[in-house]
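S.K.: This structure is in structure tokens; I'll ask about it shortly.
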Amino acid sequence: MFLTANAQNLLEKIEALLPDPLPHRIGVAVSGGSDSTALLRLLSKIAPTKGIELFAATVDHGLRKESADEAALVGEFAQRWGVPHTILKWQRWDGSGNLQDQARRARYGLLLQWAQERGLGAIALGHTADDQAETVLMRLARAAGVSGLSAMAAVRREGDIDILRPLLSVTRTQLRDYLNTEGIDWIDDPSNQDPRFDRIKVREALTQLDQIGLTAETLTRVAENLARAREALQQYTQDSARKVVHEIDGVLCLDQDDFQSLPGEIRRRIIVAAVGWIAGQGYPPRQTAIDQTIKAISAGKSATLGGCLLTPEGKKMWISRELRAVRDQVADPGDLWDNRWIVTGPQDAGSEIRALGEEGVAQLENWRDLGRPKATLLSSPAVWSGDTILSAPLAGHASGWHIQMAANRPEFYSSILSH
């Protein structure tokens, strides 16, 4: 296979950011733009040399009349390069909220579902050095800290699937030069020129900052430097959490004196990690809300944060799921409840999994023997038959039922390093 010097350079940069070993089955998200089209073509050259099965998917948001034809064109490219292609359609936007944010969330959701259905170990995305630089500037405008300014990671774990960004050291200009050399067309999305969007404003600003040396490459190196600082902070946070936080049946208990002795940034990171582990990873709470929560811990007062409840008891602070966040959640035995618990046992007809709540605790005799505040038990999963409690495995009333955390949920301390 003959490769130009530019193509060889791009392949080397991509391989440097890919994990080793690679999953045997990898997906590529392809919009049809220059970045993702180039990624698909380059990965189609790498895959045979690594023994990898490659698959491609295009999310059709249906927001422009041309989108269906563009998705079909991507399919033609993929077929030409021997890559199976799937079109994923988003049809749920009701016209409310932030369109770009909702479209991004939907895109990730559809891609992850597609990857799970096909047994893919990873999804490659076409984010470039330009995207990285734009993200750094946007987060700088929001006064982000080390984690925010370290921007996008080359590899990030999402459940049991790796999100890969192997183009973070490559500029859009380099990719377009490659496509032009190869005689490959791409699709220009008009929204990428729409000045109403913040990212487009930042993209325009970058063309001016280039004059003082703030290029995409420079800002990407800044993000890489801060990523190394973030990794060090994460490691220190994990080491500190092991000393001051104890996990008991999905609830976290921290020693307030030991917690207060930690640097402020580490305290903040432990709280963010605790909320993410209990309530599910998503956008972290706002800095002001985190600061208020840390003050409440210092004062020994109860607080709520991101769907979690903080309950003081002596010199301890318990962090559990907030009852209000799960009060209306119902699941059948064996199904996932609150995205982290699976309860199985005797299949009593009509039984269902709901939060224990005050009504459930009132039916238990020995919950006090657990030595935990009642508030931490209210949001735990219980097996109900009508208004009767059959089992409350985390409240000392198993009655032949078993509970386990979902397999894709890491233990608390490991979760600190995984995001």
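A short reminder: the numbers here are calculations on the coordinates, not readings from a lab. Remember, predicted model here, so these are calculated numbers, not experimental data. For neighbour counting, all protein chains shown are included, and Cβ atoms are generated from backbone atoms with ideal geometry for every residue, glycine included.
S.K.: Considering every pair of different Cα atoms, what Kirkwood radius, in Å, is found for the chain?
M.R.: Kirkwood radius, the chain: 24.1 Å.
S.K.: For Lys315, project a label point 7 Å along Cα to C-beta. Then give me every residue of the stretch 236-255 with its amide nitrogen under 11 Å of that point.
M.R.: Under cut-off, by backbone N: 255.
S.K.: Now, a different point. Could you check how many percent of all C-alpha pairs in the stretch 40-174 are farther apart than 20 Å?
M.R.: Distances greater than 20 Å cover 56 percent of the Cα pairs.
S.K.: How are the alpha carbon pair distances in the stretch 350-419 distributed across 5 Å bins from zero to the largest one, expressed in percent?
M.R.: Over the stretch 350-419, the share of Cα pairs per 5 Å bin runs 3, 16, 25, 19, 15, 11, 7, 3, 0 percent.
S.K.: Still on this structure, please answer the following. Per residue, how big is the convex hull around the C-alpha atoms of the stretch 172-291? Give it to me in cubic angstrom, could you? Walk me through the intermediate numbers first.
M.R.: Working: hull volume 24.0 nm³, N = 120.
So the per-residue hull volume is 200 Å³.
S.K.: For Phe197 and Ile248, FRET efficiency with R0 = 51 Å and r from the beta-carbon atoms, rounded to 0.05?
M.R.: On the way: r = 46 Å, r/R0 = 0.90.
The value I calculate is 0.65.
S.K.: Moving on. For the stretch 146-242, what percent of Cα pairs sit more than 21 Å apart?
M.R.: 54
S.K.: Along the stretch 355-361, what does the Karplus equation 6.51 cos²θ - 1.76 cosθ + 1.60 (θ = phi - 60°) give for ³J(HN,Hα), rounded to whole Hz, x for Gly and Pro?
M.R.: Result, ordered by residue: 5, 5, x, 4, 5, x, 4 Hz.
S.K.: Once the convex hull of the alpha carbons of the stretch 237-284 is built, what does its volume come to per residue, in cubic angstrom?
M.R.: Given the Cα convex hull of the stretch 237-284, per-residue volume reads 67 Å³.
S.K.: A further question follows. Which of rounded, prolate or oblate describes the stretch 6-67 when judged by the alpha-carbon gyration tensor and an a/c cut-off of 1.5? Intermediate results must be reported in sequence, preceding the final value.
M.R.: Working: a/c = 2.81, a/b = 1.73, b/c = 1.63.
Here the stretch 6-67 falls in the prolate category.
S.K.: How large is the convex hull of the C-alpha atoms of the stretch 291-331 per residue, in Å³?
M.R.: 63
S.K.: Give the lysines whose C-alpha is closer than 24 Å to that of Lys315, dropping any in the same chain fewer than 8 places away, or say none.
M.R.: List returned: Lys243, Lys295, Lys301, Lys374.
S.K.: If each DSSP helix of 4+ residues adds -39,500 (n - 2.57) and the sum is divided by the residues in the chain, what number results at 222 nm, nearest 500 deg cm²/dmol?
M.R.: Details: 15 runs with 182 residues, N = 419.
Here the helix-only value at 222 nm equals -13500 deg cm²/dmol.
S.K.: Semi-axes, largest first, in whole Å: what does sqrt of 5 times each Cα gyration tensor eigenvalue give for the stretch 196-263?
M.R.: Result for the stretch 196-263: semi-axes of 41, 15, 10 Å.
S.K.: Using the C-alpha gyration tensor of the stretch 247-383, what are the square roots of 5 times its eigenvalues, in whole angstrom, with the largest one first?
M.R.: After diagonalising the Cα gyration tensor, the semi-axes are 29, 17, 11 Å.
S.K.: Another one. In the stretch 259-373, with Lys and Arg counted as +1 and Asp and Glu as -1 at Cβ, which of these residues, Trp367, Leu309, Ala299, has the Cα nearest the positive end of the dipole, that is, farthest along it?
M.R.: So the residue we want is Ala299.
S.K.: Once you list every other residue whose beta carbon is under 12 Å from the beta carbon of Lys50, what net charge do they have if Lys and Arg are +1 and Asp and Glu are -1?
M.R.: Computed value for this residue: -1.
S.K.: Going from the alpha-carbon gyration tensor of the stretch 380-419, what semi-axes, largest first and in whole Å, does one get by taking the root of 5 times each eigenvalue?
M.R.: Gyration-tensor ellipsoid for the stretch 380-419: 29, 9, 8 Å.
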